[in-house]
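The values are calculated or read from the model by the stated rules, or taken from the named source; none is laboratory data. Every value quoted in this text rests on a predicted model; they were computed, and no experiment measured them. All Cβ positions, even for glycine, are placed from backbone atoms using ideal geometry, and neighbour counts span all protein chains on display. With ligands, DNA and RNA removed, areas are computed over all heavy atoms of the protein, side chains included. Shrake-Rupley method; radii C 1.70, N 1.55, O 1.52, S 1.80 Å.
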Amino acid sequence: MSSDRRKERKDDAQSRLDGPSDGGSARDPDGDLYQAEGSLSPGTTSDQPQQRPTRGSVESSIDTGLINSTAKQPLSSGNNVFWWLRERCLGRGVVVDPFRENFRIMTSLYSSMNPADSVNLSTRTHGAVFNLEYSPDGSVLAVACEQTEVLLFDPISSRHIKTLVEAHEDCVNNIRFLDNRLFATCSDDTTIALWDLRKLNSKVCTLHGHTSWVKNIEYDTNTRLLVTSGFDGNVITWDTNRFTEDGCPHKKFFHTRYLMRMRLTPDCSKMLISTSSGYLLILHDLDLTQSLEVGSYRILRARRTTASPDSATSGSPRRGSDSRPASNKLFSPASQREGGSPRNSLEVVTPEIPGERDRGNCITSLQLHPKGLATLIRCSSNTDDQEWTCVYEFQEGAPVRAVSPRCSLKLTHYIEEANVGRGYIKELCFSPDGRLICSPYGYGIRLMAFDDQCSELVDCLPKESSCLKEIRSIYSHSDVVLTTKFSPTHCQLASGCLSGRVSLYQPKF
């Protein structure tokens with residue numbers, strides 16, 4: 001009897017090694033059944049090719065936590081993992097682009113935030129909060145304050161880490177992390193300071209070059225050039241590869257009047273500059289190693305000569321009766337610049353603003369989609385009686401003329417803002433996946449999306465410009481909110497207000 005049992009075990013082991021003889025089901029090492037590779041599903045024949053799972057079928061199964069195929073289906077939950085891993089290796093499946101497939105989870109989390117879930121970080125007498133910035137790994141939240149100081153918090157535990165007393169001699173306007181340890185700050189004292197999180201007792205160095213308030217900082221990760229802009233109209237590049245305690249080499253890259261904000265696209269191929277006179281400057285095929293002269297661009301020379309003395313004095317000229325739509329743009333031929341280089345070709349765009357065709361606008365805030373699909377602006381009328389948030393898609397394709405740049409802007413979404421706190425700049429932001437927009441909204445914040453399902457912009461582009469969809473409004477401040485920021489790594493959002501309070505929002509589990 002024992003010999004017969006040993007024989008049966010031996011035959012069973014051999015059959016496991018050989019696999020199923022009928023090309024049907026097999027058994028994995030854990031003992032669960034699954035459909036063997038190259039075998040047919042029940043009810044199919046060799047003349048009927050099996051269908052691969054479609055994108056829609058995968059998306060519809062995410063809500064229930066199951067991944068189903070139309071023909072090849074694992075016969076147990078344990079083997080879902082093996083099929084999922086195989087699809088991932090082949091470049092298919094839900095983790096190839098996790099933001100794209102799992103957005104429903106993030107949307108439900110963000111929409112579940114309540115004011116009671118916010119954690120208030122008191123800034124005491126440090127003045128208004130002008131800017132918020134997370135480190136790339138989300139471990140540090142830096143706060144730029146009106147009264148010369150920078151505050152550092154641990155956003156996960158809400159613990160105060162450090163206060164950089166007298167970080168500058170005037171209000172701090174903007175903070176930018178170069179990596180997880182180095183960050184830069186800029187101020188109305190016309191300087192930029194570099195800091196190291198490992199040694200916060202003193203600055204790494206102070207950069208001098210601007211002659212007026214420095215308002216924002218960008219960083220080109222390809223060349224490791226720091227790029228700053230200020231109300232002196234200058235855009236300056238700083239070579240951080242060669243910085244010392246005395247500073248680092250710098251040069252003036254560009255100059256224009258009425259400059260408000262400057263941004264680089266995520267791939268650093270374009271630079272956008274917003275102005276207080278209502279138009280945007282876009283530099284295409286960006287090369288930051290060059291120094292550009294305004295005289296190289298005919299359209300900027302024309303704008304300088306046609307600007308009236310009154311508007312030049314005010315610093316915020318109106319467009320007057322100029323009602324050109326966004327599609328009628330003025331271009332500067334790159335081939336006519338010095339040297340005929342195709343790099344740094346300039347496009348001047350007067351963005352279309354809903355209901356504001358015959359009125360001047362000031363573009364106060366400028367942000368870019370994290371995937372470089374669109375630009376987000378907040379603008380106000382010159383009389384400060386209306387305020388709008390607008391999204392413009394980058395239109396890639398054939399140039400309008402042979403000498404024209406290859407890109408323009410199209411208004412896709414917009415919404416009118418509360419227009420509370422006139423005269424103050426409100427900084428809005430995209431979520432890390434680009435599906436949500438957070439905008440200061442009176443004494444709170446407003447979460448918005450391109451449609452009710454919080455879809456990707458490319459999946460819900462309207463034929464005509466449409467209104468942004470409000471996901472949720474949260475009121476948790478006692479004063480006007482000036483700035484907002486999403487965490488790059490956690491489901492968390494921060495906002496800062498005029499009275500100096502920082503609020504953190506996160507779902508309550």
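Tabulated results
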quantity	calculated
Count - residues of the stretch 428-485 that are of a type in the set (Val, Ile, Thr), closer than 16 Å to Ser108 by Cα and either in contact with a Cys (Cβ under 6 Å, 6 or more places away or on another chain) or open to solvent by less than 10 Å² (accessible area, probe 1.4 Å) (or both)	2
Filter result (acidic (Asp, Glu) and touching a strand residue (DSSP E or B) at 6+ places or on another chain (Cβ under 8 Å)) within the stretch 189-231	Asp196, Glu218, Asp220
Residue within the stretch 384-405 that is closer than 24 Å to Ser495 by Cβ, modelled with pLDDT under 90 and in contact with a Phe, Trp or Tyr (Cβ under 9 Å, 6 or more places away or on another chain) present	no
Those strands (runs of 3 or more DSSP E) lying entirely in the stretch 332-383 with at least 2 residues within 15 Å of the chain's Cα centre (by Cα) and modelled with pLDDT under 85	none
Residue within the stretch 180-187 that is touching a residue at least 12 places away in the same chain (Cβ under 8 Å) and assigned to a loop (DSSP other than H, G, I, E, B) present	yes
Scope the stretch 188-219; condition without any contact (Cβ under 8 Å) to a residue 24 or more places away in the chain and open to solvent by less than 40 Å² (accessible area, probe 1.4 Å); matching residues	Asp189, Thr191, Asp196, Ser212
Those residues of the stretch 122-175 which are open to solvent by 10 Å² or more (accessible area, probe 1.4 Å) and of a type in the set (A, V, I, L, M), in sequence order	Val140, Ile156, Ile161, Val165
Where Pro317 falls short, out of the listed (1) within 26 Å of the chain's Cα centre (by Cα); (2) surrounded by 21 or more Cβ atoms within 10 Å (Cβ to Cβ); (3) modelled with pLDDT under 95	(1)
Number of positions in the stretch 220-261 that are of a type in the set (A, V, I, L, M) and either farther than 16 Å from Phe177 by Cα or open to solvent by 30 Å² or more (accessible area, probe 1.4 Å) (or both)	4
